[in-house]
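What follows is a set of notes on a single structure, which appears directly below.
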Amino acid sequence: MRVEDKYIQNFEKINSMKKKSTDTSNVQDGGKEKNTIAARSEVSSLLDRVKNAPDIRKEKVDQIRSQLEAGTYNVSGKKVAEKIVGAALDNIF
């Protein structure tokens, strides 16, 4: 197999580009590390908020309960059908 000069040159260009990017990333590692730590802290904080959130939205339940008791709660047939079809598709796939 014959390796042409243009392939060798391209390989050398790619290697030099990789080397330059690793050289600059070593200089910037401190900043990247700080950003990564800050991002992890933020994600951790958000996860804690989600875990501590109630499973039931009391205001929404109370609103629907009062509508049911008053006889004013209406759900469109289209929304019911969409939920039924969606659940059926979820069970299939």
Q: Past 29 Å, Cα to Cα, is the threshold; run Lys34/Lys60; Lys58/Lys83; Lys34/Lys58 against it and keep the listed order.
A: Lys34/Lys60; Lys34/Lys58
Q) By how many nm would the segment from Ala39 to Glu59 grow when fully extended, if each residue of separation counts as 0.36 nm and the alpha-carbon distance is taken off? A) 4.0 nm
Q | Hz values of 3J(HN,Hα) by residue in the range 59-76 - Karplus curve (6.51, -1.76, 1.60), Gly and Pro given as x | A | 4, 5, 5, 4, 4, 5, 4, 5, 5, 4, 5, 7, x, 10, 7, 10, 10, 6
Q) How about the range 31-93: which trypsin sites (Lys or Arg not before Pro) there lie in a loop by DSSP and see at most 13 other Cβ atoms within 10 Å? A) Arg57
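Coordinate-derived values only; no laboratory data. Every value quoted in this text rests on a predicted model; they were computed, and no experiment measured them. A quick note on method: Cβ atoms are made from the backbone with ideal geometry, for glycine too, and the neighbour counts reach across all protein chains shown.
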